[in-house]
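Student: So that we are looking at the same thing, I have put the structure below in structure tokens.
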Amino acid sequence: MGSRLWTLLGHAHTLAGPATMLMYPLYASVIAMETTSKLDDQQWLAYWILYSFLTLLEMLLQPLLEWIPIWYDIKLVFAAWLVLPQFRGAAFIYEKIVREKLFKINGDGAVHSPKLFKANGDGAAHSPKQSPNSSRLRKLISFSSQKKGKST
């Protein structure tokens, strides 16, 4: 009886990861796409960004993580915190960490505007707050717009 219970718990533990990290977020993302609220869209977009980052980080640090026997459990609890609507962990991390880094990198105006770059009359793009990288991006977008115009 005891060995069957442990086997069942082991299988449940194995299925908890994909259910928590992939199946529920996939379902909730589809539902969020069909609603008019932007709040749930932000939550699930932030989740997928963080999940991708966590997966990449995990791939890079795999040799180290093999030495931590409870890594999977830590990852599962963290993913549950990101996913559960009571906590909205993904949106929280985006607002408090990722967005703050964007403010420092892009400047104030680029993050507040609904679109980072808006097209002007000649098809080029401009940023609300100019930075050295934005002028290069403008030239690239202008160049690719000119090429499209010549080929058609």
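Student: Where the only charges are on Cβ atoms (+1 Lys, Arg; -1 Asp, Glu), what is the dipole of segment 19-102 about its Cα centre, to the nearest 20 debye?
Tutor: Result for segment 19-102 is approximately 200 debye, rounded to the nearest 20.
Student: Sort 59-68, 25-34 by the packing proxy (mean of other Cβ within 10 Å over each peptide's residues), most packed first.
Tutor: Ranking, from highest mean packing down: 25-34, 59-68.
Student: If the reach is capped at under 14 angstrom between alpha carbons, list the aspartates and glutamates near residue 104, excluding any in the same chain fewer than eight residues apart.
Tutor: Those aspartates and glutamates meeting the cut-off are 95.
No value in this document is a laboratory result; all are computed from the given coordinates. All figures in this text were calculated on a predicted structure; none of them were measured in a lab. Every residue, glycine among them, receives a Cβ derived from its backbone with ideal geometry; neighbour counts consider all protein chains shown.
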